[in-house]
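These notes concern the structure reproduced below.
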Amino acid sequence: MATDDKFIDHASLLFEEAFPGSNDIYVFSRSRSLKYVKLAVDKIIKPNRILKNPTLNAHDYAEYDVVIFHSLSELFFSEIFSVPEEIPTIWLGWGYDYYNLITSPESLLLAETQKVTENARIKSYVSFIASKVRTILEKLKVNKTKIDAIEKITLFSPVLPQEYDLVRSSRKWKNFPEYLQWNYGTIEDNFIRGYENTEVDSNSILVGNSASSTSNHLEIFNLLRNLNVSDRYIVLPLSYGNKGYGSRIKKMGYDLFGRNFVPLIDFMAIDDYVQAIKKCGFVIMNHKRQQAVGNIVIMLYFGARIFLREENPTYTFLNEIGVVLSSVQELESEPSLIDTPLSSEEKKNNRQLVVDYWCREKGIERTKNIVKRALFLSRQNHNLAKTRA
């Protein structure tokens, strides 16, 4: 079960390698023409966004051994309750679908970014009120439905292992899915295909990954201005996210950096995107939450120096597996880091680590493991229920 998103093709390749000819892909989309999913799908389902009733019934699901939800979109809440009890379910988390359980949206923004977003909301009074109403409704209704759905799921794999404990400890659960590691995409097939052995070839600076306020762009703009990097290009991916926020950030970027500011506005084919970012020897991701992991993996492979916030779980995860990286806080106290590329040994170390972790072989192995584990847990629960009866 999926939405029309670029990650789905990555997943499709892995599941087909692991279980050839055994996978059906259902995509929920208002349009019959999919924008991001390019591989063949078995069914396109037009969701009922008003009633939010399940589109499939227990009989539809009964022919499958496992049902996998790619993210926990609100569209899928009711679907989970249509899956028969004896069929295991897997939730492959993306981040947006569980961070509202971990923390509030406002807590992910730094002070200057928060001011910009609040001022923009106040200018649009209707949008401001609508935002408040949505927040209240989410807390009163959507979260309850979501929590019930999560408690019915068999296995949960967030983007990073650390996030599993953050979600599990976010509240008291009646039941909580077991954890097993799984990741979208592989080095060979998705991240650097066609760019094997490529290295960064310039000292441009990549900032953020999208037109999302959680990138905290403004704080980095101010930092870069203070670091006097006027002779270097500042590259900002803004092709997806919040268009209004993206427009404001684009204007600020041009005001501050002039012709050296390079916003990537239009959605780009992966080859064109990699061509643009491989010029960036330095990458600053100012998120307080996990975000942009795919971009970070690509740039680590290419040998860029990466700056992440210390409170970001991605920083903790990469440190734990041995990746050489820096924190945004270090850059604030040691400005020379923005002029200090990684050594040859550090680049080699980082490339090997990301190849080992995100290689195709590991991806297929994880795919087999997560399905086998879900089936085992389902059988175990079924036998336990029979014993109790």
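The values are calculated or read from the model by the stated rules, or taken from the named source; none is laboratory data. Predicted model only: the values in this text are computed from it and were never measured. Cβ sites come from the backbone with ideal geometry, for glycine too, and all protein chains shown count toward neighbours. Calculation scope for accessible area: heavy atoms of the full protein, side chains included, ligands and nucleic acids excluded. Shrake-Rupley method; radii C 1.70, N 1.55, O 1.52, S 1.80 Å.
Largest accessible area first, the listed residues Asp5, Asp201 line up as Asp201, Asp5 when surface is computed with a 1.4 Å probe on the assembled protein chains. Beyond 29 Å between alpha-carbons counts as too far, so tell me which of Lys115/Lys144; Lys35/Lys372; Lys6/Lys372; Lys38/Lys278; Lys6/Lys172; Lys38/Lys251 fall in that bin. Result: Lys115/Lys144; Lys35/Lys372; Lys6/Lys172; Lys38/Lys251 exceed 29 Å.
Maximal additional length on extending the Ser82-Glu330 stretch stands at 84.3 nm, based on 0.36 nm per residue less the C-alpha distance. Summarising the label geometry, the points placed 7 Å from Cα in the beta-carbon direction at Lys174 and Glu17 lie 3.9 nm from one another. Element breakdown for the chain at a 1.4 angstrom probe: carbon and sulfur atoms account for 51% of the accessible area.
Based on protein heavy atoms only, the chain ends up with 49 Å² per residue of surface accessible to a 1.4 Å probe. Per-residue accessible area (protein heavy atoms, 1.4 Å probe) orders His217, His59, His70 as His59, His70, His217, starting from the largest. Along the axis of the charge dipole computed for the chain (Cβ charges of +1 for Lys and Arg, -1 for Asp and Glu, origin at the Cα centre), the listed residues Ser333, Asn209, Ser71 are led at the positive end by Ser71. Over the chain, Cα pairs under 8 Å with separation of 6+ residues give a relative contact order of 16 percent.
Helix 217-226 and the longest principal axis of the C-alpha atoms of the chain enclose an angle of approximately 20°. Among the protein heavy atoms, those of Cys280 account for about 0 Å² of accessible surface (1.4 Å probe, every chain in place). Extension gain for Ser107-Asp356 works out to 86.3 nm (0.36 nm per residue, less the C-alpha to C-alpha distance). Only Lys, Arg, Asp and Glu carry charge here, each on its Cβ (+1 for the first two, -1 for the last two); on that basis the chain has a dipole of about 1460 debye about its Cα centre. Relative contact order of the stretch 296-389, taken over Cα pairs closer than 8 Å and 6 or more residues apart, is 30 percent. Shown are Glu332, Glu311, Glu151, Glu346, whose ranking by accessible area with a 1.4 Å probe and every protein chain present, most to least, is Glu332, Glu311, Glu346, Glu151.
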